[in-house]
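Before any comments, here is the structure.
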Amino acid sequence: MYRIAQEAVTNALRHASASCIFIQLQAKDTLRLEIADDGIGYDPTAVRSEGRQGLGLINMERRAHAADLHLTVETSSGNGCRILLV
């Protein structure tokens, strides 16, 4: 989870021009990590169909899978990005 959070923050700063990044970790019945930013976002369907998916997102998906975690990425052009890991 730490490495996924690190990658999400790096992406928000490096690629999204985010001015605000929200990080929340909850550990009640399940462990839940949310990272959201106010950056430029992107069109995920265009990124995947054009083969432009970056290594950062690929690495996050691989780490989540290896740890048996569910990773959700919500984003759209102009609306920032929200990453949820459960």
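The values are calculated or read from the model by the stated rules, or taken from the named source; none is laboratory data. Bear in mind the structure is a predicted one, so any value in this text is a computation, not a measurement. When we count neighbours, we look across all protein chains shown, and the Cβ atoms used for this are built from the backbone with ideal geometry, even at glycine.
The number of residues in segment 62-86 that are among the acidic types (D, E), touching a strand residue (DSSP E or B) at 6+ places or on another chain (Cβ under 7 Å) and within 19 Å of T30 (Cα to Cα) comes to 0.
To keep it simple, each residue is scored yes or no on (1) over 12 Å from the mean Cα position of the chain (by Cα); (2) assigned to a strand (DSSP E or B); (3) modelled with pLDDT of 85 or more.
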position	(1), (2), (3)
I35	no, yes, yes
Y42	no, no, no
R48	yes, no, no
Q53	yes, no, no
G56	no, no, no
V73	no, yes, yes
G78	yes, no, yes
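Beta carbons closer than 6 Å, at least 6 apart along the sequence or on distinct chains, pair a first residue in segment 60-71 that is free of Cβ contacts under 8 Å to residues at least 60 places away in the same chain with a second that is β-branched (V, I, T) for M60/I4; H70/V86. From the set of residues in segment 3-41 that are in contact (Cβ under 8 Å) with a residue 24 or more places away in the chain and among the basic types (K, R), which is surrounded by the fewest Cβ atoms within 10 Å (Cβ to Cβ)? Filtering segment 3-41 for residues that are in contact (Cβ under 8 Å) with a residue 24 or more places away in the chain and among the basic types (K, R), the one surrounded by the fewest Cβ atoms within 10 Å (Cβ to Cβ) comes out as R3. Checked against the criterion of being within 15 Å of T72 (Cβ to Cβ) and under 11 Å from the mean Cα position of the chain (by Cα), segment 16-33 has at least one qualifying residue.
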